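Q: The structure is given below, and queries will be raised subsequently.
No lab work stands behind these numbers, since they all come straight from the coordinates. Given the structure is predicted, the values throughout are model-derived calculations rather than measurements. Note that we place each Cβ from the backbone using ideal geometry, even for glycine, and neighbour counts take in every protein chain shown.
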Amino acid sequence: MARTIKNNVQWVGKVDWELRMFHGDELSTHYGTNYNAYLIKEEKTVLIDTVWSPFTEEFLRELAQTVDIKKIDAVVINHGEIDHTGALKDLMALIPHVPIYCTHNGVKSLKGHFHQDWNFKPVRTGDTLDIGNGKKLMFIEAAMLHWPDTMFTYMTGDNILFSTDAFGQHMATDLIWADLVDPWILWEEDMKYYANIIAPWGKSVDAKLKEIKALNLPIEMICPSHGACWRGADVPKAIERYTAWATNYKENRISVVYDTIWGGTRTMAEEIAKGIRLADPQVIVNVMNLAKSDKNDVATEVFRSKALLVGSPSHNKCALSSVGAFLEEMRGLAFKGKKAAAFGCYGWSGEAQKRLNDTLKDIGFEVVDEGIKNLWEPDGAAIAACIQYGQEFAGKVAHDPVVQQKTICRCRA
Ligand code: FEO
């Protein structure tokens, strides 16, 4: 059902209450998501984005209750990913000659997905579309936030920034506005979204935010393509958070992640964590078994942390596969400015720890020491050594500059 955003701007998207995994099975969505699409009815009628393909029929049915689809003058596609363009082919079958405004890369991704020669109108930053009643849509290319094809659309007069994935959250809500939803879930999902989707492109985020600031546009609302929209005082706060997250973000937290075969490396993880807490009662330590935890929640926690300890027993001369997969995830997310070290039990020659340290260095962590490894199961002396190691590690990261942040990330099993 369409909902009014402001004046002649309506939300015409889909609330997906059921979704629990996204991007195939790559991303957990504990609270579902929204596919936000927007309809502008000024002198010209413009649709911004659509919804994911399973909801095409419902989307078109409800859109037809809001507007005569044949009277749509233009379609704006801010980003070609299928969760926002899934209904495009069926829509364009009804209005085949209507222009589609998107970036040059957008043309490539739409042709790549749909193999159609629609009436594309590729745009560059600063290009505008006059929609009448004294209002315009201004396009702002936003490559790598988070695809090369991404752009923002800014509506003058109503001062709305349609920001596609940036500033979004995977959180189903029919309340539209961020100030109306549960703030704990909102903050958690906002950061999780950034950490797991936007973070690899932090430099682009930083540059784009500076560019938008320099444009000096009054922004009263930010309407992303997932989750709740930001209005009023939430707008500068949302921008402030993205500004902080884009550059070497870290709080006074340490993540201790591991996998274990018979429990020895788990014991090491827990005793190291005790040592950290003894040395620095202020630091928040989260201990997470990678085989039992939600990988996206773990990634969010690592994003918040100033340091990371990674543990695995040596198994077939390697680390356990859950730890290997985690480090591959870390390579892609490319978090910056974090310190690290490895630990783990071994029974024979103990290769895993060096492999982990080498990988940590390779993917951009600053490895502060060789970590700690233990032959066979930890006994009293080994436990004491782990506690001491935790204390020493805490000392090595104690003076890293951090952002004060009180919110909690729940790491689900
Ligand atoms: Fe929500 Fe990149 O699509």
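Q: Nearest 20 debye, what's the magnitude of the dipole of the chain about its Cα centre given +1 on Lys and Arg Cβ and -1 on Asp and Glu Cβ? Could you put the intermediate results ahead of the total?
A: On the way: 46 positive and 53 negative charges, 127 e Å.
I would put it at about 600 debye.
Q: OK, next. For each pair in LYS210/LYS237; LYS44/LYS111; LYS111/LYS210, compute the distance between the two Cα atoms and list the pairs where it is over 20 Å.
A: Details: LYS210/LYS237 15 Å; LYS44/LYS111 26 Å; LYS111/LYS210 31 Å.
Table pairs above 20 Å Cα-Cα are LYS44/LYS111; LYS111/LYS210.
Q: Sticking with this one: Counting Lys and Arg as +1 and Asp and Glu as -1, what is the net charge of the other residues whose Cβ lies under 14 Å from the Cβ of TYR101?
A: Numbers: positive: LYS44, LYS121, ARG124, LYS136; negative: ASP49, ASP73, ASP127, ASP130, GLU141, ASP149.
It works out to a net charge of -2.
Q: Nearest 10 degrees, 0 to 90: what angle lies between the long axis of helix 380-397 and the longest principal axis of the chain (Cα atoms)?
A: In the chain, helix 380-397 runs at an angle near 50 degrees to the longest axis.
Q: Under the definition of Cα pairs under 8 Å and six or more residues apart, what whole-number percent is the relative contact order of the chain? The partial results should precede the final answer.
A: Values: 903 pairs, mean separation 49.4, N = 413.
Taking the mean separation of contacting Cα pairs over the length of the chain, I get 12 percent.
Q: Roughly what would the spin-label model give for VAL403 and THR243, points 7 Å off Cα along C-beta, in nm?
A: Distance between label points: 1.1 nm.
Q: Treat every Asp and Glu Cβ in region 275-413 as -1 and every Lys and Arg Cβ as +1, leave all other atoms uncharged, and give the resulting dipole magnitude about the Cα centre to the nearest 20 debye. Present the calculation step by step, with values, prior to reporting the outcome.
A: On the way: 18 positive and 16 negative charges, 79 e Å.
That gives a dipole near 380 debye.
Q: With springs connecting C-alpha atoms under 10 Å apart, model the chain as a Gaussian network and identify which of MET155, MET21, MET171 has the largest mean-square fluctuation.
A: Checking each option, the largest mean-square fluctuation is seen for MET21.
Q: Looking at PHE343, HIS115, GLY202, which one has the Cα that reaches farthest to the positive end of the dipole of the chain (charges on Cβ: Lys, Arg +1; Asp, Glu -1)?
A: With unit charges placed on the Cβ atoms, the residue in question is GLY202.
Q: Now, a different point. Would you calculate, for the chain, the mean residue ellipticity at 222 nm contributed by helices, counting each DSSP H stretch of 4 or more residues as -39,500 (n - 2.57) and dividing by all residues, to the nearest 500?
A: Value at 222 nm, helices only, nearest 500: -10000 deg cm²/dmol.
Q: Separate question: Explain nothing, just the number: dipole magnitude of region 122-253 about its Cα centre with +1 on each Lys and Arg Cβ and -1 on each Asp and Glu Cβ, in debye rounded to the nearest 20.
A: On the way: 13 positive and 18 negative charges, 89 e Å.
Result for region 122-253 is approximately 420 debye, rounded to the nearest 20.
Q: Also: Are there any GluC sites (Glu not before Pro) in region 317-403 that are in a DSSP loop and have at most 14 other Cβ atoms within 10 Å? List them by number.
A: Working: sites: GLU328, GLU329, GLU351, GLU366, GLU370, GLU392; in loops: GLU351, GLU370.
The qualifying sites are GLU370.
Q: Could you tell me how many degrees, from 0 to 90 and to the nearest 10, lie between the Cα long axis of helix 264-279 and the main elongation axis, the longest principal axis, of the Cα atoms of the chain?
A: Value to nearest ten degrees: 90.
Q: Relative to the present Cα-Cα distance, how much length would full extension add between THR66 and HIS104 at 0.36 nm per residue of separation?
A: Working: separation 38, 0.36 × 38 = 13.68 nm, distance 3.02 nm.
Working it through step by step, the gained length comes to 10.7 nm.
Q: Counting other Cβ atoms within 10 Å, which chymotrypsin sites (Phe, Trp or Tyr not before Pro) in region 11-48 have at most 13 and lie in a DSSP loop? Can you show the working numbers first?
A: On the way: sites: TRP11, TRP17, PHE22, TYR31, TYR35, TYR38; in loops: TRP17, TYR31.
The qualifying sites are TRP17.
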